Amino acid sequence: MGKTPNGKCQMKSTLITACFIGGHLVVSNCCAAESPSSESPVVATVLEKRITAADVGLQCDANQKPLIPKSTSSAGSQRNPLDELGARIEGEISGDYLEKNKLKATDQEIREFQQFQDRYMAWDRIRRQKDLAELDEKLQNANLSPKEREQAEKHRATLIRLAAREKKMDEAGSAATAAEWREIAGPWIEGWKINQSIYKKYGGAVGMTKFGPNPVGARKRLLEDYQKQGKILIHDDNVRREFWERMGSPPDLPAKPDEIDFTPHWKKPLPK
């Protein structure tokens with residue numbers, strides 16, 4: 001975000017919870033663009049924007065044909081090129097859907113998010129203070145096993161570290177501006193509004209994640225609609241097949257009917 005480390009940047013990091021492909025004997029670097037013959041091939045066109053193999057990390061053979069990775073999963077910071085392609089396509093379509101359906105975060109929604117965050121931070125500070133007091137009392141117990149004592153001391157150290165960072169931020173007196181709050185809250189609010197909207201329109205399978213329900217079935221149908229309109233073109237047959245197979249995969253953790261609730265966390269009451 002182009003800012004030197006300060007309280008505001010620490011606030012952002014507090015509030016906000018993004019290839020190597022082997023096994024091929026003959027590969028060429030799709031990133032090369034020294035001459036027309038070495039330019040990276042376009043693998044997809046989305047809303048008239050070109051996405052090349054190099055853009056998503058797909059390697060190519062000697063004929064500049066994209067090679068499908070043998071491993072289809074991402075590992076750690078190594079994002080599978082097919083995942084990257086899917087993220088780019090979904091990002092473009094989500095932005096278009098957001099604009100067309102007037103789902104941009106409003107000033108009122110930003111304020112509501114901010115007010116919740118302020119309440120949550122205050123609640124969390126009190127909770128951590130209580131936890132620290134309980135740990136201090138627990139560590140005075142001579143009957144703790146070595147493992148229990150080690151775990152309690154680690155937890156205590158974490159709580160003290162968080163309290164020190166929080167104190168430093170308070171002393172810096174760095175409240176986020178309205179523009180910074182929009183940067184923080186906007187993606188969360190708009191993501192929720194898109195998910196709620198497409199699930200209401202398409203239904204389908206929903207997966208549970210730590211960030212809430214993910215309408216995987218609705219998202220696939222949304223992309224299919226854009227494809228039918230000629231707004232998503234995947235030019236390589238193998239890449240196209242792999243892309244749609246991945247889009248059709250069932251969620252890792254399917255949501256039960258009573259778990260499907262697209263109410264965002266900042267519209268729910270704080271834990272007790």
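For the range 129-171, a residue qualifies if it is among the aliphatic types (A, V, I, L, M) and more than 30 Å from the chain's Cα centre (by Cα), and the qualifying residues are Leu132, Ala133, Leu135, Leu139, Ala142, Leu144, Ala152.
The condition (being assigned to a loop (DSSP other than H, G, I, E, B) and either modelled with pLDDT of 85 or more or touching a Lys or Arg at 6+ places or on another chain (Cβ under 9 Å) (or both)) is satisfied by just one residue among Ala87, Ala32, Ala18, Ala44: Ala18. Count of the range 199-253 residues, restricted to those that are part of a helix (DSSP H, G or I), crowded, with 19+ Cβ neighbours inside 10 Å and hydrophobic (A, V, I, L, M, F, W, C), is 6.
One residue stands out among those in the range 167-198 that are of a type in the set (Ser, Thr, Tyr) and under 22 Å from Phe116 (Cα atoms): the one that is surrounded by the most Cβ atoms within 10 Å (Cβ to Cβ), which is Ser174. Against the numbered list (1) farther than 29 Å from Ala122 by Cα; (2) in a loop (DSSP other than H, G, I, E, B); (3) of a type outside the set (Phe, Trp, Tyr), Leu270 comes up short only at (1).
Is there a residue in the range 99-110 that is in a helix (DSSP H, G or I), under 30 Å from Arg246 (Cα atoms) and modelled with pLDDT of 90 or more? The answer is yes; a qualifying residue exists.
The values are calculated or read from the model by the stated rules, or taken from the named source; none is laboratory data. These numbers were taken from a predicted model, which means no experiment stands behind them. With ideal geometry, Cβ positions are generated from the backbone for all residues, glycine too; neighbour counts draw on all protein chains shown.
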